[in-house]
1. Which of the lysines could a cross-linker bridge to K219, judged by Cα under 16 Å and excluding same-chain residues fewer than eight apart?
2. Could you go through region 148-156 in sequence order and give the Karplus-derived ³J(HN,Hα) for each residue, using 6.51 cos²θ - 1.76 cosθ + 1.60 with θ = phi - 60°, rounded to whole Hz, and x for Gly and Pro?
3. For an R0 of 22 angstrom, estimate the FRET efficiency from the Cβ-Cβ distance between E411 and K299 and round to the nearest 0.05.
4. Could you derive backbone 3J(HN,Hα) for region 215-228 from the dihedral phi with the Karplus parameters 6.51, -1.76 and 1.60 (θ = phi - 60°), listing whole Hz in sequence and x where the residue is Gly or Pro?
5. Place a +1 charge on the Cβ of each Lys and Arg in region 193-328 and a -1 charge on the Cβ of each Asp and Glu, then give the dipole magnitude about the Cα centre in debye, rounded to the nearest 20.
6. Can you give me the long-range amide H partners of R195? Hydrogens built in the peptide plane at 1.01 Å from N, cutoff under 5 Å, separation of 5 or more residues or another chain.
7. Once you order the gyration tensor axes a ≥ b ≥ c over the Cα atoms, which shape class does region 59-195 get: rounded for a/c under 1.5, otherwise prolate or oblate by comparing a/b with b/c?
8. Can you tell me which lysines have their Cα less than 24 Å from the Cα of K76? Leave out same-chain residues fewer than eight positions away.
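Read-outs throughout are calculated quantities, based only on the coordinates presented, and are distinct from any laboratory measurement. Computed from a prediction, not measured in an experiment: that's the story for all the values here. Virtual Cβ from ideal backbone geometry, glycine too; neighbours counted across all protein chains shown.
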Amino acid sequence: MTVAPHFDFKNGVLHAENVPLPALARQFGTPLYVYSRQALRDAWESYRSAAENRNVLVCFGMKANSNLAVLNEFRKLGAGFDIVSGGELARALAVGADPGKIVFSGVGKQAWEMQAALKAGVKCFNVESEAELAQLAQVAGQMDVVAPVSLRVNPDVDAQTHPYISTGLKENKFGIAIEEAVRVYQYASQLQNLRIVGVDCHIGSQITEVSPYLDALDKLIALIQTLAGLGIHIEHLDLGGGLGIRYTDETLVTPKTLLDQVFERLAAKGLDSLQIVLEPGRSLVGNAGILLTTVEYLKHGDTKNFAIVDAAMNDLIRPTLYDAWHSVEQVGPPSHDEVRTYDIVGPICESGDWLARDRRFALKQGELLAIMSAGAYAFTMASHYNTRPRAAEIMVDGDNCHVVRPRETIESLFAGEIPLD
Ligand code: LLP
């Protein structure tokens with residue numbers, strides 16, 4: 001039975017590709033992030049094939065998963081990168097990314113980050129305010145270079161997703177209001193050391209309908225046409241990331257559906273020569289990873305049953321932060337104990353430390369659970385809360401597995417700290 005592509009039950013035991021998860025747990029311990037290399041490749045292929053014969057640049061939104069093994073896989077497949085910090089720039093450069101395929105997003109870029117990105121020669125800065133434009137012009141001036149810029153425009157569309165991950169509405173902190181965009185583009189065009197190259201937006205994440213993209217697209221096409229009338233020529237349109245994945249039974253928008261409709265509208269407006277940039281994060285990695293965990297204790301009560309596992313909110317914060325639903329699978333083979341309804345919780349001293357609620361299982365102490373869809377926004381949002389080392393990351397490749405980040409040692413967590421006399 002396939003749970004997610006490349007995570008299948010064989011003889012009652014959940015595997016990552018050809019590797020049984022219990023073997024990984026024995027070898028590397030739990031909690032453990034396990035990724036499937038083939039799942040990464042397949043996810044990339046869905047974008048590559050949709051972009052074929054079209055002027056499209058796909059920049060992996062690396063905030064979803066920035067392990068160098070993941071980045072290097074996508075780099076080799078031809079991806080660019082969407083970065084949001086000097087740290088992410090350093091990661092991209094560490095795997096030899098082509099700076100000409102890096103777009104720099106984010107609402108609060110600091111001068112040092114601008115300098116580093118200008119030195120590297122990134123494709124574009126997605127600028128989110130007039131103040132940022134002024135600072136970028138100044139930094140580029142000091143370096144005697146020209147900074148390529150897009151303005152991130154807030155098209156005021158509802159991505160119909162969780163409020164914390166919806167970013168295209170007026171009340172969000174992101175971008176420049178669409179009504180202000182023409183004026184700010186004119187301002188940008190007057191600044192020295194800037195070159196306007198694009199228009200950018202990102203309306204939210206885990207989007208499961210195409211209509212919000214098309215609503216945004218219509219507004220941005222109108223903007224591009226107005227700008228052309230003012231002599232401001234736009235070379236690319238960046239539609240951001242946001243395509244959803246299946247955590248449970250969501251219907252999905254495929255990259256092909258999105259790009260077919262986008263290019264249809266561009267053609268209708270005579271904008272075929274425009275390059276389209278996409279910044280997908282979750283849809284490239286989300287279902288390529290799981291979080292493997294061991295049941296430490298079972299606690300049966302009058303009103304609730306708890307399965308206390310060795311993974312916690314520090315390993316996967318999405319359930320408690322967004323009320324997100326992650327499927328949980330018993331790695332198996334199944335036990336014959338009584339089926340009960342459990343909350344799956346971690347050992348952290350917070351009531352908010354839960355990973356899944358009201359799930360029906362016949363569980364026994366010591367058995368393994370797989371928390372699915374943990375390839376995106378899991379490790380990258382992990383913390384050391386309760387002085388818990390971050391778990392190891394394993395990449396499975398057919399019959400083989402590679403440690404792509406070892407488990408942190410406890411000593412390393414406080415190595416830099418200095419007790420005062
Ligand atoms: N581009 C920009 C400018 C973004 O802000 C984001 C995500 C992306 C691209 C990639 O979006 P994706 O394709 O992954 O939806 N931590 C949350 C998601 C936050 C998304 C933030 N921005 C979660 O776990 O659901």
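1. Within reach: K170, K269.
2. Karplus values, whole Hz, x for Gly and Pro: x, 10, 10, 9, 7, 9, 9, x, 6.
3. Computed FRET efficiency for E411 and K299 comes out at 0.10.
4. 4, 5, 4, 4, 5, 6, 4, 4, 4, 4, 5, 4, 5, 4
5. Dipole about the Cα centre, nearest 20: 100 debye.
6. Result for R195 returns A147, V149.
7. Oblate shape, in that a/c is at least 1.5 and b/c is the bigger or equal ratio.
8. Reachable lysines: K63, K101, K119, K123, K256.
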